[in-house]
């Protein structure tokens, strides 16, 4: 069912590499690892039969939307700077669950600059 639609997103294609590189340069430490995991999962997903792709499809649709939203956040940060850079960092940290216990929270750190 989804095999032909998602083949574009398999690692190695130009589109996914451009997106991954943009996101890695913006928030390199934990995000790169999460994107690599997603790339591996997508390779497995494209090899599944139609029934399993149907079952797993929502999971990947949500992650693909997250990638798109992340790219938009990074592009706005690059284009407008200032407050939007901070918002992008907060968005990426929260959406991708990048903060480890004990790390400073971007939402608290940037609160006065964002609000």
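Rule-based calculations on the coordinates, nothing more; no lab input. Predicted, not measured: the structure shown is a model, and the values here were computed from it. A quick note on method: Cβ atoms are made from the backbone with ideal geometry, for glycine too, and the neighbour counts reach across all protein chains shown.
The figures follow:
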item	result
Extent along principal axes [Cα atoms of the range 47-115; Å; largest to smallest]	49, 31, 17
Burial ordering of 105, 64, fewest other beta-carbon atoms within 10 Å first	105, 64
